[in-house]
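Report on one structure; see the data block that follows.
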């Protein structure tokens, strides 16, 4: 008969006081935060935030099936939130932020031929978006569709326009 030589993993009992909670889980929380954030000062801040969150909602910790799993999940989420908050917001380039009507196509005649090759609905969507400069939400209201269906239809219309413009009419839509 085989004998199991590994000791069973025993979950430490739930900490009854804030001091006991910190004493029991500090190194686990700090090491998780340090691995995610990479700087000791940030890891200390994240560890403090983790324990503050745990102190604010002791009932959730008491209800957790595994206190260690709950504490480490809070630590991970806190560290990730800190990464997100310190990431600077990157401003969009002006061209992407405010798309307006197109200026001048490279080959105007070829573009007119390609637009004429589109269905009425496709041509209308392309014109609303790129010639009139409407937003997808404005296009949805104007066409009586949802913004998701407008986005899908516009994407497909642009694919067809691209194929016609480049002389590949026979490829599937």
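In which sequence would 19, 60 go, from the one with the fewest C-beta neighbours within 10 Å to the one with the most? Please report the intermediate quantities before stating the final value.
Values: 19 9, 60 12.
The fewest-first ordering by Cβ neighbours comes to 19, 60.
Note the full-extension length gain between residue 77 and residue 27 as 0.36 nm times their separation in residues minus their Cα-Cα distance, in nm to one decimal.
Stretched out fully, the residue 77 to residue 27 stretch lengthens by 16.4 nm.
Arrange 122, 23 by Cβ neighbour counts within 10 Å, fewest through most, would you?
Lowest count first: 23, 122.
Once you compute Rg and the Kirkwood Rh from C-alpha atoms, what is the Rg to Rh ratio for region 18-86?
Details: Rg = 11.2 Å, Rh = 11.8 Å.
My calculation puts Rg/Rh at 0.95.
Suppose R0 equals 45 Å; then what is the FRET efficiency for residue 84 and residue 127 from their Cβ-Cβ distance, rounded to the nearest 0.05? Walk me through the numbers before you get to the answer.
Details: r = 39 Å, r/R0 = 0.87.
Calculated transfer efficiency: 0.70.
Tell me, 31, 149 in order of fewest to most beta-carbon neighbours within 10 Å? Don't skip to the answer; put the middle values down first.
Working: 31 14, 149 11.
Starting with the residue having the fewest Cβ neighbours, the order is 149, 31.
Each value in this text was obtained by applying a stated rule to the coordinates, not by laboratory testing. All figures in this text were calculated on a predicted structure; none of them were measured in a lab. Backbone-built Cβ (ideal geometry, glycine too); neighbour counts: all protein chains shown.
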